[in-house]
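Enquirer: Quick one: the structure is below, and I'll ask about it shortly.
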Amino acid sequence: MPHASRPPAIDVWLATPEAAREFDPSKLGGEDRAEWDALHTERRRLDWASSRVLLGVVAVAGDQTSSLSHSHGFAALARAPGHIAVGVDVEWLAPRDFLSLARTAYSTAEAEELEALEDPSLLRARFYEIWTLKEAFAKALRLPLADALGTCCITFADGDATATVPTTRYWRATVFAPRPELRLALVLVADAEDSLATNPATTEWPPARDANWPVVRRLSGPGGKRTVTC
């Protein structure tokens with residue numbers, strides 16, 4: 001498979017479930033083969049295959065940072081220059097007991113705001129918006145997810161979002177909706193604010209094509225401070 005050419009400064013690739021068709025498990029060996037054989041559900045194998053094929057198509061250079069995520073057969077790979085920490089998370093909007101999960105994993109303020117939502121569709125979308133941001137922050141800040149769930153706090157007032165995160169560095173976060181039932185959060189963290197000024201390029205594959213995903217939310221700010229949002 002051909003590798004993608006040298007990327008823009010920051011980019012995000014999204015492999016669709018069709019990518020898994022290009023995966024050939026017979027070519028696996030060693031630990032990779034053992035990991036594949038240990039996957040006993042079709043869903044997990046689809047996610048693993050899409051991720052592995054995407055990593056084979058999109059090269060990550062030695063001077064780049066990267067982050068990988070998968071859900072429901074989709075796989076997301078984000079790349080950035082080495083001086084920028086990057087985190088990506090993609091989630092299918094599957095039905096769950098959102099309020100119970102929020103009371104367990106989110107802050108009291110976040111859980112109370114979710115409990116106040118009367119529209120089930122908004123509750124589902126808002127829960128996953130918060131979750132993808134927390135997981136992307138966890139990856140960018142190299143935090144255990146359990147720590148990020150408690151220390152990265154995203155709350156809303158009149159539709160706007162405020163985020164408090166455990167870093168003194170500058171950060172920028174974007175939540176995309178590549179599909180109505182899919183959310184993808186990208187978090188970038190750097191020492192210099194101007195390092196985060198460039199909008200990421202977004203690409204879907206296969207075949208490789210420029211993507212113009214709807215933006216659900218944009219947030220940015222220095223660590224521990226309030227954010228601005230679209």
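The values are calculated or read from the model by the stated rules, or taken from the named source; none is laboratory data. The shown structure was predicted, so the numbers you read here are calculated from the model rather than taken from an experiment. Note: ideal-geometry Cβ built from the backbone for every residue, glycine included; neighbour counts use all protein chains shown.
Enquirer: Given segment 119-213, what strands (runs of 3 or more DSSP E) lie entirely inside it while holding 1 or more residues that are free of Cβ contacts under 8 Å to residues at least 12 places away in the same chain and more than 26 Å from residue 58 (Cβ to Cβ)?
Expert: Ranges flagged: 153-157.
Enquirer: Would you confirm whether or not segment 102-114 contains a residue that is surrounded by fewer than 18 Cβ atoms within 10 Å (Cβ to Cβ) and part of a strand (DSSP E or B)?
Expert: no
Enquirer: Which members of segment 86-98 meet the condition of being among the aliphatic types (A, V, I, L, M) and either without any contact (Cβ under 8 Å) to a residue 12 or more places away in the chain or surrounded by 15 or more Cβ atoms within 10 Å (Cβ to Cβ) (or both)?
Expert: Listed by number, the residues that qualify are 86, 88, 90, 93.
Enquirer: Could you check segment 164-190 and list, in sequence order, the residues that are among the hydrophobic types (A, V, I, L, M, F, W, C) and either modelled with pLDDT under 95 or touching a Phe, Trp or Tyr at 6+ places or on another chain (Cβ under 7 Å) (or both)?
Expert: 165, 176, 177, 182, 184, 187, 188, 189, 190
Enquirer: Let me ask another. Quick one: which of 136, 102, 116, 94 is of a type in the set (Gly, Ala, Ser) and either in contact with a strand residue (DSSP E or B) (Cβ under 8 Å, 6 or more places away or on another chain) or under 25 Å from residue 222 (Cα atoms) (or both)?
Expert: 136
Enquirer: So, of the residues in segment 169-210 that are hydroxyl-bearing (Ser, Thr, Tyr) and out of contact with any strand residue (DSSP E or B) (no Cβ under 7 Å at 6 or more places or on another chain), which turns out to be nearest to residue 51 (Cα to Cα)? If you could, list the steps in order and put the result at the bottom.
Expert: From segment 169-210, those hydroxyl-bearing (Ser, Thr, Tyr) are 170, 174, 195, 198, 202-203; that's our starting set.
Add one more test, that the residue is out of contact with any strand residue (DSSP E or B) (no Cβ under 7 Å at 6 or more places or on another chain), and what stays is 195, 198.
On the way: 195: 28, 198: 26 Å.
If we take residues in segment 169-210 being hydroxyl-bearing (Ser, Thr, Tyr) and out of contact with any strand residue (DSSP E or B) (no Cβ under 7 Å at 6 or more places or on another chain), then 198 is nearest to residue 51 (Cα to Cα).
Enquirer: Only one residue in 103, 142 is at pLDDT 95 or above, over 24 Å from residue 204 (Cα atoms) and under 19 Å from the mean Cα position of the chain (by Cα), so which one is that?
Expert: Only one candidate passes the filter, namely 142.
Enquirer: Would you say residue 43 is buried (at least 17 other Cβ atoms within 10 Å of the Cβ), more than 20 Å from residue 199 (Cα to Cα) and touching a residue at least 24 places away in the same chain (Cβ under 8 Å)? So that I can check it myself, show each step before the final result.
Expert: On the way: buried (at least 17 other Cβ atoms within 10 Å of the Cβ): no; more than 20 Å from residue 199 (Cα to Cα): yes; touching a residue at least 24 places away in the same chain (Cβ under 8 Å): yes.
Here the answer is no, as residue 43 does not meet what is asked.
Enquirer: Looking at (1) of a type outside the set (A, V, I, L, M); (2) surrounded by fewer than 20 Cβ atoms within 10 Å (Cβ to Cβ); (3) more than 15 Å from the chain's Cα centre (by Cα), find the lone condition where residue 205 falls short.
Expert: (2)
Enquirer: Return yes or no: is residue 143 within 28 Å of residue 85 (Cβ to Cβ) and either touching a His at 6+ places or on another chain (Cβ under 7 Å) or not polar (S, T, N, Q) (or both)?
Expert: Numbers: within 28 Å of residue 85 (Cβ to Cβ): yes; either touching a His at 6+ places or on another chain (Cβ under 7 Å) or not polar (S, T, N, Q) (or both): yes.
Here the answer is yes, as residue 143 does meet what is asked.
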